[in-house]
Structures are given as C-alpha cells and as structure tokens.
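Mind having a look at this structure? Questions to follow.
None of the figures in this text is laboratory data; all of them are computed from the coordinates on show. Because the structure is a prediction, the values reported are computed rather than measured. With ideal geometry, Cβ positions are generated from the backbone for all residues, glycine too; neighbour counts draw on all protein chains shown.
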Amino acid sequence: MSDSAPVLTIDGPSGAGKGTVSRIVANRLGWHYLDSGALYRAVGVAAGWADIDVSDAAALVRCTFDTRVEFVEDQNRSGSLRVMLNGVDATDELRLETAGALASAIAAIPEVRAALKERQRSFRRPPGLVADGRDMGTVIFPDATCKVFLTASAEERAARRHKQLMEKGVSVIFDDLLREIMARDARDAQRAVAPLRPAEDAVLMDTTGIGIEEVVERVLALLPAA
C-alpha cells in the first residue's frame, strides 16, 4: 500500500448510484477502483458455497482469508468489471438481492470487518484510488483526499434497482424491493460497528432526480487535479 496515493471515497446507501459514479470517475481519472461492497458480497457467496452458517463468526473469518477476489475488465462491456471469486466468475450471483442481504448481515460482524480492513486498504496505489462503499471515508480511508456521501430517496433507489433487474430479465415486485432497501438502511445505520453515516468532512450529494453524468461532473469538480 502507498499511503501517499490520493484517495476519493464515495459512500452511501444501496441504490444511491455510488457504484456507477465511482467506476466512471475512476475511469476518467485513470485511478484504481475498489468496490468494497463486492468484497462483502463475495465473502457471503463464498460462505454459502461452503455451507457456512452466517452466525459462525470464526468460520466466516477463515472464509474471508481463504477467499480470493479479483476485479477484471468485462470484455463485452466497456468500463464494466467482472468479479472473480476463487477463479470463478461470480459477478451475476453477487448482484442478486440475496447476496446483498448476506453482505449486510456479515458486515455487522466485527471480526469479519477487521479481516477485510487491510485487504481494502491494499487497493490504495498510485496514481490514486476511488473507493466505493459504506465506511470508506469514516473507517477505511479516514485520511482520504476527498470524501463524498451520495444518497437518494428510498423510493428512487428502489425504482432504479427495479429497472436494473427488469432489464436483466429478473422479475421483481417494486414494493418488495422498497421494503428490502428500507430494512437494509435501518440495519446498516444501526449496527454497532462502522454504522452507515457520512464522514464529518464528507460532501453530501442527494442524487434524487439527478442524472449520473451530472453527479460525475459534481464529484470531479471537487478534486483539485480533476
């Protein structure tokens, strides 16, 4: 890890657009990209593959250290990444709502968060890093060059997720998605370890009704070198 490499953290709840914005910003800057949520989802999926009970903290920690996660360029979609889990392309499985729920559950376990902390920090390399997650600016990179906290109404976030899934041919009920998002918001905000909240020095951006490109431009404008 290079502590001198600049870091832009983009935190926020599920569906706020932080993943899409972070990938575009990282690409524009030519910086590395960390999808911290994918790491938690990967551990959850790997635990499922190994039939590990999510209440077994010790087994989950072992799974965390044993799980190899790699982000590789998607050859079919420019600017997109595939997630390789122990050499297997698990991208589609990691995007399922069940994987998100698992990630949220294991993220509340202090031992798992501690095990993943250094792995996340290892992504900090020159020329810079864009880190997307829920505690990037508060816990993982408290000394980040710039911190952003994206949010949007629960209804808009559910609508975005509903559109994404329907475009992929996945049939979902909007009201169910909305309930899941609201439940996850409450769980993430109330957990004892690294609760979802903006860093004191983060710039808050409400993306409700705002297009991705406009959000990207607002974020880039915050960086002196952008």
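Just the number: Rg to Rh for the range 55-112, Cα atoms, Kirkwood Rh, two decimals. If you can, show how the numbers build up before the last one.
Working: Rg = 13.2 Å, Rh = 12.8 Å.
Result for the range 55-112 is an Rg/Rh of 1.03.
Which percent of Cα-Cα pairs in the range 50-151 sits in each 5 Å bin, short to long?
Over the range 50-151, the share of Cα pairs per 5 Å bin runs 2, 10, 17, 22, 24, 15, 8, 2, 0 percent.
In which sequence would 71, 141 go, from the one with the fewest C-beta neighbours within 10 Å to the one with the most?
71, 141
Shifting gears a bit: When you have a sec, figure out the Kirkwood radius of the range 95-156 from all distinct Cα pair distances and drop it here in Å to one decimal?
Answer for the range 95-156: a Kirkwood hydrodynamic radius of 13.5 Å.
Could you check the spin-label model distance between residue 111 and residue 221? Points 7 Å from the Cα along Cα→Cβ, value in nm.
4.8
Find how many whole Å separate the alpha carbon centroid of the range 174-226 from the alpha carbon centroid of the range 1-78.
That distance is 16 Å.
Any chance you could list P(r) for the range 143-217, counting all Cα-Cα pairs in 10 angstrom bins from zero, rounded to whole %?
Pairs per bin, as whole percents: 16, 38, 35, 10, 0.
When the label point is put 7 Å from the Cα of residue 28 along its Cα-to-beta-carbon vector, which residues of the range 185-226 have a backbone N closer than 11 Å?
Correct set: 212-223, 226.
Taking N as the number of residues in the chain, what is its Cα Rg relative to 2.2 N^0.38 Å? Walk me through the numbers before you get to the answer.
Numbers: Rg = 16.6 Å, N = 226, 2.2 N^0.38 = 17.3 Å.
Ratio of Rg to 2.2 N^0.38 Å for the chain: 0.96.
Rounded to the nearest 500 deg cm²/dmol, what is the calculated helix-only ellipticity per residue at 222 nm for the chain, with -39500 (n - 2.57) per DSSP H run of length n ≥ 4?
Working: 9 runs with 103 residues, N = 226.
Roughly -14000 deg cm²/dmol at 222 nm, from the helical runs in the chain.
From Cα pairs below 8 angstrom and at least 6 apart in sequence, can you work out the relative contact order of the chain, rounded to a whole percent?
Relative contact order comes out at 33 percent.
While we're here: Normalised by the residues of the range 31-93, what does the relative contact order come to in percent, with Cα pairs under 8 Å and at least six apart?
Once normalised by length, the contact order is 24 percent.
Quick check for you: which residues of the range 177-193 have the amide N under 15 Å from the point 7 Å beyond the Cα of residue 208 toward its beta carbon?
182, by backbone N distance to the label point.
Could I ask something else about it? Which helices, taking whole DSSP H runs in the chain, have alpha carbons extending 30 angstrom or more along the helix axis plus mean Kyte-Doolittle at least -1.0?
Passing helices, by number: none.
Using +1 at the Cβ of each Lys and Arg and -1 at the Cβ of each Asp and Glu in the range 136-222, identify which of 219, 148, 174 lies farthest towards the dipole's positive end.
The Cα lying farthest towards the positive end belongs to 174.
Still on this model: Relative to the Cα centre, what is the charge dipole magnitude of the range 5-146, using +1 at the beta carbon of each Lys and Arg, -1 at the beta carbon of each Asp and Glu, and rounding to the nearest 20 debye?
Computed charge dipole of the range 5-146: roughly 520 debye.
At a 10 angstrom cut-off on C-beta neighbours, averaged per residue, how do the peptides 148-154, 132-138, 188-194 rank from highest to lowest?
Details: 148-154: 22.1, 132-138: 26.4, 188-194: 14.0.
Put in order of decreasing packing, that is 132-138, 148-154, 188-194.
With +1 assigned to the C-beta of every Lys and Arg and -1 to the C-beta of every Asp and Glu, and no other charges, what is the dipole magnitude of the range 105-207 about the Cα centre in debye, to the nearest 20?
Computed charge dipole of the range 105-207: roughly 380 debye.
Which of 96, 60, 204 comes first, and how do the rest follow, when ranked by fewest Cβ neighbours within 10 Å?
With the sparsest Cβ surroundings first, the list reads 204, 96, 60.
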